[in-house]
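Chemist: Here it is: the structure, laid out below.
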Amino acid sequence: MKLKMSRFIFCILLVILALPACNFLDNAPEGELTLEEVFNDRDRTRQWLAGIYNGVPDPYMPMLQNYDAYADDFSPSTGWGQFGWDCIDKIQGNWNANSSWGGNFWANLPVKIRQAYIFLENVKPIPEQSVSQELVDRQKGEARFLIAYYYYLLVNTYGAIPLQIGLANFNDSFDELMIGQTPYDEVIDWIDQELLAVSKILPPSYPLTDYQDYGRATSVMALAVRARMLLFAASPLVNGNPDYKGYVNNEGEEIFNSVPDATKWERAVNACDTLIEVAEANGYELYKEYNADGTPDPFMSYMNMSFVEYHQGNHEIIFPRAQCDYAWVEGTAAPVGWYGQGGMGVTQSLVDAFFMNNGLSPILEHTREGGVVTPLFNDDPAVTNLYSEKGFSTSDYRCKTQWHYGSPNGPDADGYSVVAPAGTFNMYVNREPRFYVSVFFDNEWYPAAERNLAFGAGEVDGRSDRWWDSPQNGYLLRKRIHPDSDIRDNIRPYRPGILFRMGEAYLNYAEALNEWDPSQVDEIVRNINIIRERAGIPLYGAGPDQIPIPQGQVAMREAIKRERRVEFNCEYAIRFDDIRRWKEIDLLAGPFDGMNAQGSITEGAEAYNENNDDAFYIRKTYINRAFTDKNYWIPIHQNQLDKNPNLRQLPGW
């Protein structure tokens with residue numbers, strides 16, 4: 001096909017293609033070109049393919065601001081709404097079909113899909129430029145993967161989408177071009193078949209020495225997206241949801257099935273099992289580090305899982321994005337007293353979710369009524385002996401680890417580091433390793449500044465004239481914030497953006513199996529324990545130093561949900577997707593609390609006196625959220641509905 005393009009239009013296209021997404025992206029050529037000239041040139045062909053990859057979301061920004069902030073892990077400053085953080089308004093209910101959405105998948109991803117189809121039609125071997133048929137076949141597999149992945153993102157975000165297979169013919173009539181939405185299960189089936197097909201074409205990984213291929217599609221990546229998608233498709237939101245009965249497309253077809261189909265769980269089980277089998281056979285595994293004596297180091301393992309690259313030995317990474325805007329996020333999470341914006345926090349409900357060091361939960365659930373959040377405390381003596389929301393520790397809490405970021409001193413001669421020094425509020429003592437790697441709390445050691453954090457009102461990192469640049473509920477984000485970063489000196493070490501990792505494969509499998517065949521307790525527990533072992537907390541079992549196995553499907557389901565909440569905290573898309581697919585949007589509605597950011601008293605008995613409004617260590621509501629059933633999906637923007645009369649808006653919008 002020889003399609004002539006004007007110099008102006010093609011230059012605009014090349015600007016789009018030249019946006020950095022992968023390390024193999026070169027500079028864009030200039031001049032008036034035809035598609036034939038593009039695909040007769042090896043470098044221009046690679047540029048075209050690289051441009052298709054640009055649609056892969058950045059798991060730091062802007063998706064944190066436009067997706068993750070809707071869930072109940074991240075807590076961006078309520079004052080940032082004045083600076084364009086419209087997620088603050090959205091979570092308070094100010095969202096309609098005319099509102100813009102920063103992710104903008106509906107507008108952006110179809111462009112990438114069309115570019116991929118053009119690529120499939122035009123890419124060809126160029127022997128004289130060392131472009132072999134084998135390379136072309138692999139590149140076609142990559143393009144097919146990206147098409148399937150982008151359709152997955154669309155259906156996962158909007159629920160009801162048109163599925164356009166192949167290139168649309170612009171000579172067709174308006175009615176033929178303006179297609180309506182395809183039933184959800186048909187979209188899932190098509191993506192499933194494509195991902196499975198390309199998994200047989202793509203390599204499981206690329207040579208570690210060929211760094212320019214980092215981020216390219218692999219067979220394991222395709223199987224991972226497939227497993228995650230089928231888990232979602234089997235879940236209550238879209239598998240027999242009676243609330244969507246009667247929601248039809250322009251042809252009168254039901255978009256979602258309103259009768260539960262148990263075989264969808266079987267399908268998810270098989271997809272997760274296939275992923276694990278293929279991944280493990282090709283060297284993918286949980287990332288682990290060890291102490292000098294050979295014992296596992298859960299602190300360093302969990303922390304560096306986010307920072308060490310695949311070619312450096314982090315074979316937990318399945319789906320990376322090579323270039324990400326992590327530097328911007330680090331600025332928002334750095335305390336205002338150390339040159340940061342100081343308002344990217346985490347929620348109290350996340351703090352409550354972390355286990356104690358004995359593997360048990362201190363808080364079982366929360367109720368939100370009458371504008372008040374009430375935690376239900378675990379009254380098990382094994383917990384009450386460790387957990388308190390009153391007073392301060394009188395001795396250092398030490399753990400065997402090379403993680404030395406909890407104090408100015410490194411490990412002692414026996415390999416023990418101070419994780420929470422004497423004087424730490426008791427809520428933060430005796431917690432599991434993942435807590436300390438994920439959360440900055442008041443009075444914790446801040447390595448870059450070589451001092452303790454001070455979040456109380458009027459203190460160096462707390463509320464002041466720039467109240468919006470301070471923790472709104474007494475916490476800052478630590479997970480995925482590099483320990484060697486220093487905002488003052490603009491030091492922000494590189495790290496990959498991780499969209500899927502091996503840890504998710506195990507918990508996805510455990511959940512799907514518990515729903516499909518809960519009698520397979522041993523296999524379900526084995527996969528949960530794979531995660532808990534790396535986390536450094538007691539395993540489920542009947543042996544010494546183990547905790548009782550949850551009894552029955554419901555109890556096991558809750559245990560899996562708790563493990564997911566902690567293990568995947570503050571990672572792109574997982575928590576918000578979990579809440580949506582479990583049909584638990586109520587978790588995002590009502591008051592949210594935290595430590596009292598207005599409190600100036602951070603020491604002594606008055607610091608946790610509930611009758612003193614100046615006490616810092618008391619639970620106080622800082623925002624009221626207004627998510628409802630409509631928020632299970634991002635709405636189709638009204639301008640798209642106006643353009644295409646065959647589209648139907650999502651329920652509730």
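The values are calculated or read from the model by the stated rules, or taken from the named source; none is laboratory data. In this text the structure is predicted, and so the values were computed from the model without any measurement. When we count neighbours, we look across all protein chains shown, and the Cβ atoms used for this are built from the backbone with ideal geometry, even at glycine. These accessible areas exclude ligands, DNA and RNA; they are computed on the full protein's heavy atoms, side chains included. Shrake-Rupley method; radii C 1.70, N 1.55, O 1.52, S 1.80 Å.
Chemist: After finding the eigenvalues of the alpha carbon gyration tensor for the stretch 601-653, what semi-axes result from the square roots of 5 times each, listed largest first in whole Å?
Modeler: Working through the eigenvalues yields semi-axes of 49, 9, 7 Å.
Chemist: Could you let me know the centre-to-centre spacing of the stretch 46-69 and the stretch 450-512, using Cα atoms, in angstrom?
Modeler: The stretch 46-69 and the stretch 450-512 have Cα centres spaced 21 Å from each other.
Chemist: If you don't mind, another one. Gap in Å between the Cα centre of the stretch 199-228 and the Cα centre of the stretch 296-313?
Modeler: 20
Chemist: Once the Cα atoms of helix 553-567 and of the chain are each reduced to a long axis, what angle between those two axes, in degrees from 0 to 90 to the nearest 10, is obtained?
Modeler: Tilt of helix 553-567: around 90 degrees.
Chemist: What do you get for the angle between helix 502-516 and the principal long axis of the chain? Use alpha-carbon atoms, 0 to 90 degrees, nearest ten.
Modeler: The answer is roughly 90 degrees.
Chemist: Among Ala505, Ile537, Phe145, which residue has its Cα furthest toward the positive end of the charge dipole of the chain, with +1 on Lys/Arg Cβ and -1 on Asp/Glu Cβ?
Modeler: It is Phe145, whose Cα lies furthest towards the positive end.
Chemist: By its C-alpha gyration tensor, with a ≥ b ≥ c as the square roots of the eigenvalues, how is the stretch 173-265 shaped: rounded for a/c under 1.5, else prolate for a/b larger than b/c, else oblate?
Modeler: oblate
Chemist: At 1.4 Å probe radius, can you tell me the per residue accessible area of the stretch 494-653 in Å²?
Modeler: 37
Chemist: Okay, moving on. When the C-alpha atoms of the chain are aligned to their principal axes, what extent does each axis show, in angstrom, from largest down?
Modeler: 78, 56, 54
Chemist: Loop-only check: which GluC sites (Glu not before Pro) in the stretch 208-276 are DSSP coil with at most 14 other Cβ within 10 angstrom?
Modeler: Filter output for the stretch 208-276: Glu251, Glu253.
Chemist: Another question, then. Given a 1.4 Å probe and every protein chain left where it sits, what share in percent of the accessible area of the chain is carbon and sulfur?
Modeler: 49
Chemist: Just to confirm my numbers, what's the Cα centroid distance between the stretch 97-170 and the stretch 539-603 in Å?
Modeler: The stretch 97-170 and the stretch 539-603 have Cα centres separated by 36 Å.
Chemist: Okay, helix-only estimate at 222 nm for the chain: each DSSP H run of n ≥ 4 adds -39500 (n - 2.57), divide by all residues, round to 500 deg cm²/dmol; what do you get? Numbers along the way, then the final one.
Modeler: Numbers: 21 runs with 226 residues, N = 653.
The per-residue figure over the chain is -10500 deg cm²/dmol.
Chemist: Further, regarding this structure: With charges only on Cβ, +1 for K and R and -1 for D and E, what is the dipole size of the chain about its Cα centre, in debye, rounded to 20?
Modeler: Dipole of the chain, to the nearest 20 debye: 820 debye.
Chemist: To test your reading of the geometry: what angle, between 0 and 90 degrees and rounded to tens, separates the Cα axis of helix 7-17 from the longest principal axis of the chain?
Modeler: Taking the Cα atoms of the chain, the angle to 7-17 is about 40 degrees.
Chemist: Have a look at Met221, Thr424, Asn473 and report the one farthest towards the positive end of the charge dipole of the chain, computed about the Cα centre with Cβ charges (Lys/Arg +1, Asp/Glu -1).
Modeler: Going by the charge dipole, the pick is Met221.
Chemist: Of all DSSP beta bridges in the chain, what percent run antiparallel (nearest 5)?
Modeler: Values: 37 of 40 bridges.
Around 90 percent of the beta bridges assigned by DSSP in the chain are antiparallel ones.
Chemist: Related question: Work from the charge dipole of the stretch 163-279 (Cβ charges, +1 for Lys and Arg, -1 for Asp and Glu, about the Cα centre) and give the residue of Thr263, Leu202, Leu163 farthest towards its positive end.
Modeler: Sorting the options by dipole projection puts first Leu202.
Chemist: Here's something else I'd like to know. With the cut-off at 20 Å, tell me which of the pairs Lys264/Lys630; Lys90/Lys630; Lys479/Lys583 have Cα atoms farther apart than that.
Modeler: Correct reply: Lys264/Lys630; Lys479/Lys583.
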